[in-house]
Structure formats: C-alpha cells, structure tokens
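Q: Have a look at this one before I ask anything.
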C-alpha cells in the first residue's frame, strides 16, 4: 500500500482534512491545558452565560454575533493573560469581539482599568 492511501485510510475522523477544524481543535485543547493548571472558577456553564449576556464589545462597541471566526464574533478574553500570570477566574475574564481580541498585545499591557486580586495568580 502506498503512503498516500495509507494516510487516507488511517486519517482521524475528527480532522476530515479541513485545516480550520484541525486548528480550532488544537487551540481549544491548548487553552484547556493552560487553564487547567491554574486556579480557575470559570466553568463552561458560566462561559455560556457570559456569551449570552454579551451584546456589544466593551472595547469598540460593535454589535457581536454568535457565528465563529467573524471579526464581530464573541471570544473569551483574559484581562491579564494566562501567559503572564493571569488566572481563569470571573474577575479576569470578559467577552470581546474577535477583532479586538486579535489586536490586544500578548502581555495585556493595554488594560488600564482596575485589576482584582483574583485576576493575578497568587503564588
């Protein structure tokens, strides 16, 4: 059996050859892995509730949509990013549009508002 046919036969049923689906799964897996290792109280039910309540982006005031991968789609944002010591808590999480989430710096240096004690990792 040649290499191409072997790959087609043994390809995972979840990837379906679609690179967008594969990238989305990898992002979700990485996010879960990073959030699990830290103190966090944001459950999937709380996240769904936040997404339902969010209508406009708090940064740019654009009306947000539930369809994924659009500039105005709803995304979970950590005010103090996990990579610089932020936590996965309610005080550190908000829903913003995808365009604003992609524009934010990775160190969270653009946030000038109050940071709660629970937003920072206590370690």
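No lab work stands behind these numbers, since they all come straight from the coordinates. Note that this is a predicted model, so its numbers are computed, not measured. Neighbour counts are summed over all protein chains in view; Cβ atoms, including those assigned to glycine, are modelled from backbone coordinates with ideal geometry.
Q: Need the full-extension length gain, residue 60 to residue 107, defined as separation in residues times 0.36 nm minus the C-alpha distance. One decimal, nm.
A: Full extension of this stretch gives 14.9 nm more.
Q: Just subtract the alpha-carbon distance of residue 50 and residue 69 from 0.36 nm times their residue separation and send over the number in nm, one decimal.
A: So the extension gain works out to 5.0 nm.
Q: Using the beta-carbon distance between residue 84 and residue 18 and R0 = 25 Å, what value does 1/(1 + (r/R0)^6) give for FRET efficiency, to the nearest 0.05?
A: Between residue 84 and residue 18 the formula returns 0.15.
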